[in-house]
Protein chains: 2
Amino acid sequence: MAVVTAPKQDRSRATRQRLLQAAVACLAERGWAGSTVSVVAERAGVSRGAAQHHFPTREDLFTAAVEYVAEERSSALRALPVQNRAAVLEALVDLYTGPLFRAALHLWVAASNEEQLRARVTELEARVGRETHRIAVELLGADESEPGVRETVQGLLDMARGLGLANLLTDDAARRKRVVAQWGRLLHEVLG
Amino acid sequence: MAVVTAPKQDRSRATRQRLLQAAVACLAERGWAGSTVSVVAERAGVSRGAAQHHFPTREDLFTAAVEYVAEERSSALRALPVQNRAAVLEALVDLYTGPLFRAALHLWVAASNEEQLRARVTELEARVGRETHRIAVELLGADESEPGVRETVQGLLDMARGLGLANLLTDDAARRKRVVAQWGRLLHEVLG
């Protein structure tokens, strides 16, 4: 049986991905103060030197991590089979209740007090926000040339973010389900 | 001219309030990691011993601070003259864009990773959340016996929280104004 050795480039990419996934998990569980390159390298089973080869600074690692996971989520969302609007709304809201949201939240809050992080996270957040909006419009079948539709979708994503925050300390799933069901009905009236 | 000396109890209350206000400002500006009893005492112009007399632990000081400012805000909101619904909605959303929201956000996020804080902040958040909901229902003239009205108001407050988060790193006022105007129209259709 032939042993297939992954080319160097593939191994390097796999190491990078392990680091990014470990970084998001670490940020979600320990927050910014508890998240260093060393802690992430250990969690990923990668040497500190290898980690620093991929990500020279802590800021590089964590902004790349949040971006990577956000992109994975966007792809998964885009790949959803065409569904009814209620299911789409639920999937959109779910984006804001998992470890990615927790990780991003820790990064935003740290960035609000740390100059080095602030510019990078602001730029990242704008990019991820635009992309999420585009996907939401597409999945909801919303026609943004109609007055008020753009702001309705934006408000929904703001609500989803607020629901994510409400879920930070306690399991808010039961209340969230009722709120989303009601706003789904209102959405249907606006979008037709 | 007679010098009026405040009774001891009044001075003590004034010291307590200075500490609470300094604690919220400190939390909003520096986050949890940068907020200690000593830093707050210095900012309030109070000795560390006096601060510890009022608040034996860091957790005591910061949860009391967020609660105190939340209560001040609730009173101010209740005292608003009866206004049209658009103005009420704007005032409610404004609650989530100032230093109190930033301070509370830092406290929530810290509590998600620190066991000592978690139970206290969860309890505080539930209390403040119920109170804000009550005030919103009252000011909006919402009849919660109608189906869907309760969830509509909850969703609005979730949206307001999400808008607060969107305002953390950049000034989001222009976008927020358009979103709130549109959701105000939707609200009007539900509440009649």
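Normalising by the residue count of the stretch A:8-191, find the relative contact order in percent from Cα pairs under 8 Å and 6+ residues apart. Contact order relative to length: 24 percent. Cβ under 15 Å from B:ARG120's Cβ, B:ARG120 left aside: what net charge do those residues give with Lys, Arg +1 and Asp, Glu -1? Residues close to B:ARG120 contribute a combined charge of -4. Under the criterion of Cα pairs below 8 Å and six or more residues apart, the relative contact order for the stretch B:23-90 equals 29 percent. Sorted shortest first, the separations between the A:PRO7 label point and its copies elsewhere in the assembly read 8.5 nm; each point sits 7 Å from Cα along the Cα-to-Cβ line. Under Stokes-Einstein, with the Kirkwood radius over Cα pairs as Rh, the value for the stretch B:58-191 at 10 °C and 1.306 mPa s is 102 µm²/s.
Chains A and B together bury roughly 3300 Å² of accessible area, counting both sides, with a 1.4 Å probe on protein heavy atoms only. Based on C-alpha pairs under 8 angstrom that are at least 6 apart in sequence, the stretch B:82-166 has a relative contact order of 44 percent. The radius of gyration of the Cα set in the protein assembly as shown, together with its Dmax, comes out at 23.1, 103 angstrom. Here the protein assembly as shown has 52 percent of its accessible surface on carbon and sulfur atoms, given a 1.4 Å probe and all protein chains in place. Taking the charge dipole of the stretch B:58-191 about its Cα centre, with +1 at Lys and Arg Cβ atoms and -1 at Asp and Glu Cβ atoms, the residue from B:GLY164, B:LEU107, B:ALA181 reaching farthest to the positive side is B:ALA181. In order along the stretch A:176-192, phi translates into HN-Hα couplings of 4, 4, 5, 5, 5, 4, 5, 6, x, 5, 5, 4, 4, 5, 6, 7, x Hz, rounded to whole numbers, per the Karplus curve 6.51 cos²θ - 1.76 cosθ + 1.60 with θ = phi - 60° and x for Gly and Pro.
In the stretch B:101-116, comparing the full protein assembly with the chain on its own, the residues that lose 30 Å² or more of accessible surface at a 1.4 Å probe are B:HIS106, B:TRP108, B:VAL109, B:SER112, B:ASN113. Calculated accessible area for the protein assembly as shown comes out at 49 Å² per residue, all protein chains present (probe 1.4 Å; ligands, DNA, RNA ignored). Plainly put, the tip 7 Å out from Cα toward Cβ on B:ALA86 is 3.4 nm from that tip on each other copy, the closest given first.
For the pair the stretch A:18-66 / the stretch A:112-142, the C-alpha centres are spaced 21 Å from each other. Adding -39500 (n - 2.57) for every DSSP H run of four residues or longer, then dividing by how many residues chain A holds, sets the calculated 222 nm ellipticity at -25500 deg cm²/dmol. Both numbers refer to the Cα atoms of the stretch A:1-131; Rg and Dmax are 16.4, 56 Å. Between this copy and the others, label points of B:GLU146 are 2.2 nm apart in ascending order, each placed 7 angstrom from Cα in the Cβ direction. Within the listed set A:GLN83, A:GLN154, A:GLN52, the residue fluctuating most in the Gaussian network model of chain A (springs between alpha-carbon atoms under 10 angstrom) is A:GLN83.
The values are calculated or read from the model by the stated rules, or taken from the named source; none is laboratory data. Keep in mind that this is a model prediction, so the values were computed, not measured. Note: ideal-geometry Cβ built from the backbone for every residue, glycine included; neighbour counts use all protein chains shown. Just the protein is used for accessible areas: all its heavy atoms, side chains included, with ligands, DNA and RNA removed. Shrake-Rupley method; radii C 1.70, N 1.55, O 1.52, S 1.80 Å.
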